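Written below as structure tokens is the structure these notes are about.
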């Protein structure tokens, strides 16, 4: 998913050796615009509100399952 979106590069483990890894790192070092493209692609995939949305959903589920007499501060 990340590779298809341009947010990562994949170096297949079965083909990987020290030279290929070093070459990939050196290429990125010499071409910072490629790093910027990867950075931009990965940022566009993220949801900066993901954690808050999960917490909100959990709180809604908890509220739905609370007994009626405990909801909304009613006593």
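For this structure, a couple of remarks:
- Residue within segment 12-23 that is surrounded by 10 or more Cβ atoms within 10 Å (Cβ to Cβ) and assigned to a loop (DSSP other than H, G, I, E, B) present: yes
- On inspection, residue 41 fails the criterion of being within 30 Å of residue 7 (Cβ to Cβ), under 26 Å from the mean Cα position of the chain (by Cα), modelled with pLDDT under 85 and assigned to a helix (DSSP H, G or I).
- Sole residue being in a helix (DSSP H, G or I) and either within 16 Å of the chain's Cα centre (by Cα) or surrounded by 10 or more Cβ atoms within 10 Å (Cβ to Cβ) (or both), chosen from 35, 62: 35
- Test: residue 72 is over 26 Å from the mean Cα position of the chain (by Cα) and at pLDDT 85 or above: no
The values are calculated or read from the model by the stated rules, or taken from the named source; none is laboratory data. All figures in this text were calculated on a predicted structure; none of them were measured in a lab. Glycine also receives a Cβ, built like all others from the backbone with ideal geometry; neighbour counts cover every protein chain displayed.
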